[in-house]
Amino acid sequence: MKKYILKRIFTLLPTVFVVSVVVFLLVHLTPGDPAAMMLGDDATMEDIAALHTKLGLDDPLYIQYFRWIGRCLQGDFGTSTAVIGQKVSDMVFSHFRPTLTLAVYSQLITILLAIPTGILAARKRGRIADFIASIFSLLGISLPSFMMGLGLVLLAAVHFRWLPAAGYKDLFADGLLPFLRYMTLPALSLGFIHAAYMMRMTKASMLEVLGSDYIKMARSKGVKERSIVGKHAFRNALLTIITVVGQGFISALAGAAVVEKLFTIPGIGTLMVDSIEKRDYQVIQAITLLIAMLNVVINLVIDLIYGLCDPRIRLD
Amino acid sequence: MQGHSSSPSMSRDALRQVRRELIREQRMVNIRRFLHNGLSVVGLVIVLLMLLTALFAPLITGALGVDPYTSLGREMRLQPPSAAHPFGTDNVNRDVFARVLYGARISMTVGFLVGLLSALIGATVGLYATVNPILDNILMRICDGLKAIPNILLAITLMAVLGANMQNVIISLTIVSIPGVARIARSQALLVREQTYVEAMRAAGASRFRILWRHVMPNILSPIIVQMTFTFATAIISEASLSFLGAGIPIPAPSWGGMLKEARSYIYNGWWLVVFPAIFTALSVLGFNLFGDGLRDLIDPLSGR
């Protein structure tokens with residue numbers, strides 16, 4: 001197992017390197033001089049040149065990259081160019097809680113919606129439940145999250161006036177009920193697309209397992225159907241489902257940009273979009289890098305869980 | 001090179017004739033199989049309707065005497081759907097129907113160009129990756145790295161850097177889509193290279209370049225085309241999302257995402273501003289996905305479902 005873990009981590013290094021180079025270059029290639037932008041319009045050429053030297057903007061690109069990545073590894077993502085003196089890491093972390101709680105909540109809804117329907121669709125194959133589940137998954141794939149959100153707002157907030165159309169209540173500061181009132185629509189719109197995918201995958205992996213020989217064996221032994229589906233099939237389908245949940249968490253974090261903007265939730269998505277208008281590239285860079293790294297780590301964890309559950313994977 | 005099974009007395013021309021007929025027959029079988037699948041036909045119809053809408057938007061709106069940019073006067077602000085303005089009017093007194101139809105032009109152009117460009121570049125990357133193991137390693141690690149950044153985030157970052165306009169939307173979404181196509185092209189090309197006829201070509205002394213482009217490339221074309229329809233669908237979603245965030249196609253251009261961004265502020269007094277662009281976006285995405293599913297089932301009946 002130790003060897004397997006080391007091997008997995010080692011194969012990740014090139015990916016991590018490429019991600020960091022891409023993110024670094026992206027922002028580095030932006031038009032405009034960051035030094036001139038920080039100093040404002042009435043800066044003299046000497047001031048700009050001085051700041052250039054101070055920030056190390058005259059050094060070769062690879063030196064700038066290594067300096068930047070070194071600082072990032074220590075949790076220092078530079079200072080904002082829009083809000084003078086504000087540290088980017090502080091900005092990102094102060095906006096992280098709404099995004100994280102929203103992502104977790106939307107994943108909970110997704111799992112509760114998708115796994116039972118997926119199992120049902122697999123058992124009642126070709127029946128009404130299966131048909132409804134297919135429509136549901138088609139819709140989920142075709143509707144972008146923000147359209148789902150707009151539809152939900154139109155229905156649940158404008159028409160029926162059940163829930164507020166926008167706004168944010170913090171889970172820890174305002175309590176659970178206000179949080180649920182405000183965050184259910186965003187969580188639903190964020191989770192819907194993924195719920196469709198998760199349902200399809202649950203259905204597919206359940207079908208695969210249900211068709212296997214040992215299930216036939218269990219059936220012929222007279223094991224109850226309930227126990228076959230719940231105990232034997234679901235456990236083996238779980239590996240696929242864990243992967244899908246992991247991917248869903250990442251897509252919830254990434255999709256947050258759109259949904260947070262729609263529901264005016266002060267998370268990192270909103271911060272990122274607002275930073276585009278302010279040309280605050282350091283913030284965009286930090287958020288992209290963080291989420292990409294989180295993605296890599298989550299995928300690593302999934303791989304390790306796989307290795308832990310299924311010894312065959314460790315050997316290849 | 002399948003000639004050796006036929007009798008030697010057959011002339012070349014006759015052989016060619018037989019081959020042509022076989023191909024035609026296979027094509028008919030394929031078309032029949034595609035049409036047999038109800039959902040793919042629905043997809044095909046939606047795709048055609050959307051393309052026609054995009055193509056004839058100026059003609060249709062011209063016949064109705066409306067256009068997507070002109071204000072109809074202050075008394076026409078936020079009017080609900082009526083016979084003269086079937087989709088209502090918006091907050092700056094414009095006809096929503098005309099804007100939605102013109103929106104199809106933007107979405108279809110972006111979808112088509114992103115699909116085409118990412119297929120061309122992605123297939124080239126994937127094909128060349130199979131030539132040289134070192135090149136393969138480098139290209140695939142770059143693809144892995146790009147894929148590790150969630151698509152929408154990479155697109156937003158690219159748009160922030162490049163600046164919001166249509167050309168940059170196409171460039172950003174193409175960059176985002178390339179790794180996926182490259183992976184497919186590479187894995188398919190690796191399969192084709194194992195085939196006996198490629199081995200025979202190599203033994204006969206054909207150059208690598210010739211094998212790659214004349215023999216491997218045509219055989220990976222189908223999965224690439226299928227992927228193109230899916231990329232088309234995702235590009236429509238991504239463009240709408242970017243425009244909705246204000247990082248895509250700038251106003252006053254009538255992109256569906258941009259219209260939804262404006263509609264957000266009037267959601268309490270103009271449901272039609274949300275509903276119609278949303279329906280058109282969802283329908284076209286659905287259409288391309290269903291169409292793509294149908295195509296995929298054709299080339300690989302075992303996949304999906």
Hey, rough spin-label estimate for residue A:128 and residue B:191, points 7 angstrom out along Cα→Cβ, what's it come to in nanometres? 4.0 nm
Over 24 Å (Cα to Cα) among A:169/A:278; A:87/B:147; A:7/B:147 -> A:169/A:278; A:87/B:147
Between residue A:46 and residue B:92, what is the FRET efficiency for a Förster distance of 56 Å, r being their Cβ-Cβ separation, to the nearest 0.05? 0.75
Between residue B:207 and residue B:39, Cβ-based FRET efficiency (R0 60 Å, step 0.05) works out to 0.85
Please report, in debye to the nearest 20, how large the charge dipole of the protein assembly as shown is about its Cα centre when each Lys and Arg carries +1 at its beta carbon and each Asp and Glu carries -1 there. 2800 debye
Please pull out the direction-averaged projected area of chain B, using the convex hull of its alpha-carbon atoms, in nm² to one decimal place. 20.4 nm²
Run the dipole for chain B about the Cα centre, Lys and Arg Cβ at +1, Asp and Glu Cβ at -1, nothing else charged, and hand back the magnitude in debye, nearest 20. 720 debye
Among the stretch B:229-271, those whose backbone N falls under 16 Å of a label point 7 Å along Cα→Cβ from residue B:77 are B:263, B:265-270
Fewest-first sequence of A:182, A:306 by Cβ atoms within 10 Å of each Cβ: A:306, A:182
Per-residue Cβ neighbour rank within 10 angstrom, fewest leading, A:67, A:279: A:67, A:279
Expressed in angstrom and ordered largest first, the alpha-carbon extents of the stretch B:23-73 along the principal axes are 58, 21, 14
Signed unit charges on C-beta, dipole axis of the protein assembly as shown, positive-most listed residue A:139, B:273, A:173: A:139
Kindly write out, for the stretch A:75-80 in residue order, the coupling ³J(HN,Hα) from the Karplus curve 6.51 cos²θ - 1.76 cosθ + 1.60 (θ = phi - 60°), rounded to whole Hz, with x marking Gly and Pro. x, 10, 9, x, 10, 5
Amide H to amide H under 5 Å from residue A:79: which residues, 5+ apart in sequence or cross-chain, H placed 1.01 Å off N in plane? A:88
Note, ³J(HN,Hα) from phi for the stretch B:93-99, Karplus 6.51, -1.76, 1.60, rounded to Hz, x at Gly and Pro: 6, 9, 6, 6, 4, 4, 5
Note down, for chain A, the three equivalent ellipsoid semi-axes (square root of 5 times each alpha carbon gyration tensor eigenvalue), biggest first, whole angstrom. 44, 27, 14
Enumerate the residues in the stretch A:5-29 having an amide nitrogen under 15 Å from the point lying 7 Å beyond the Cα of residue B:134 toward its Cβ. none
Spin-label pair residue A:242/residue B:269, simplified geometry with 7 Å Cα→Cβ offset, distance in nm: 5.5 nm
Would you list A:194, B:215, A:159, B:85 from fewest to most Cβ contacts within 10 Å? A:159, B:215, B:85, A:194
Set of aspartates and glutamates with alpha-carbon distance to residue A:203 below 12 Å, sequence-local pairs under 8 removed: A:130
Under a point spin-label approximation (7 Å from Cα along Cα-to-Cβ), what is the residue A:11-residue A:235 distance to one decimal in nm? 2.7 nm
Kindly write out, for the stretch A:137-151 in residue order, the coupling ³J(HN,Hα) from the Karplus curve 6.51 cos²θ - 1.76 cosθ + 1.60 (θ = phi - 60°), rounded to whole Hz, with x marking Gly and Pro. 6, 4, 4, x, 6, 8, 9, x, 4, 6, 6, 4, x, 4, x
Estimated 222 nm signal from helices in chain A, with DSSP H stretches of n ≥ 4 weighted -39500 (n - 2.57), rounded to 500: -24500 deg cm²/dmol
Rg in Å to one decimal, and Dmax rounded to a whole Å, for the protein assembly as shown via C-alpha atoms: 26.9, 89
Kindly state, to the nearest 0.05, the FRET efficiency for residue A:294 paired with residue B:13, given R0 = 60 Å and r defined as their beta-carbon distance. 0.40
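Laboratory data are not the source of any read-out in this text; all were calculated from the coordinates shown. This is a predicted model, so every value here is computed, not measured. Cβ atoms come from the backbone with ideal geometry, glycine included; neighbour counts cover every protein chain shown.
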